[in-house]
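Encoded as structure tokens, the structure appears first; notes follow it.
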Amino acid sequence: MPSQLLKDHVHPDEIDYCIITNFASHHIGYLNAFKNATIITSNEAYHNFITQQVTNNNLQLSFHVMPDDFKERIEFVEDFVQTDHPILGKGFKVFNQDALVSYELPGAMPGQIGLMMKFSNLMIFMCSDAAWCRSNIEKNNLPTKRLLRKAYNGELFIETHSKLIDLKTDMKPPLFIIPSHCKKMDDFDEVMQLLDALK
């Protein structure tokens, strides 16, 4: 990630905020590179992480890649203005702005959140690990037994995944739901073209 930023002439020290959707090591592996950034996450995710209440190998490994001063740099989404979505439920307007809203996506990891980014002509929902791949959402496929066994709470994982399916079906503006681990993004080029047009 730092190398990608540098290609766009952005130094990691210039980044003011990093939003953590969950504390799995592969989600926060480069956090050490952002030495000046405030770290925003959910209270539940942070609490489970620092108290090591979750016996999850990914969370245990995460302690080795966290900045030494991360506890002093934490802010919580719950400190922002609350909002409600008819499908996703409770959310928080990050920086108290409508353009970026966090929503609770329980199940896969403790305290997991997703981020809804609102633009003039499209919406992008970064759903973290609430779905493994976009094709699962498109085909109305629920999480596999293997994923459910690995999940923090399999029942909530299914419930959250079902909400994503409903979201994709019911949302009227152009909506792109992007899971963290999806390897096939048929319309990713379309997303990038739309974002480039907004610059």
Charge dipole of segment 1-145 about the Cα centre (unit charges at C-beta), most positive-ward option of Pro2, Phe49, Thr144: Thr144
What's the FRET efficiency of Glu155 with Tyr17 using the Cβ-Cβ distance as r and R₀ = 30 Å, to the nearest 0.05? 0.40
Only residues of segment 99-117 count here: report those whose backbone N is under 13 Å from the spot 7 Å along Cα→Cβ of His181, or say none. 108-109
Over segment 90-171, with neighbouring protein chains present, the accessible area per residue in Å² at probe 1.4 Å is 48
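Based on the Cβ-Cβ distance from Lys139 to Lys172, what FRET efficiency comes out when R0 is 22 Å, to the nearest 0.05? Walk me through the numbers on the way to the answer.
Details: r = 21 Å, r/R0 = 0.97.
So the FRET efficiency works out to roughly 0.55.
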Of the listed pairs Lys90/Lys139; Lys35/Lys172; Lys71/Lys172; Lys35/Lys93, those with alpha carbons more than 28 Å apart are Lys35/Lys172; Lys71/Lys172
Mind ordering 101-109, 79-87 by average Cβ neighbours within 10 Å, highest first? 101-109, 79-87
Which residues' amide hydrogens lie under 5 Å from the amide hydrogen of Gly91, considering only partners 5 or more residues apart or on another chain, with H built in the peptide plane? Thr83, Asp84, His85
In whole Å, what is the distance between the alpha-carbon centres of segment 124-185 and segment 3-36? 24
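The values are calculated or read from the model by the stated rules, or taken from the named source; none is laboratory data. These numbers were taken from a predicted model, which means no experiment stands behind them. Ideal geometry is used to build each Cβ from the backbone, glycine not excepted, and the neighbour counts take in all protein chains shown. Just so you know, the surface numbers come from the protein's heavy atoms only, side chains and all, with ligands and any DNA or RNA stripped out. Shrake-Rupley method; radii C 1.70, N 1.55, O 1.52, S 1.80 Å.
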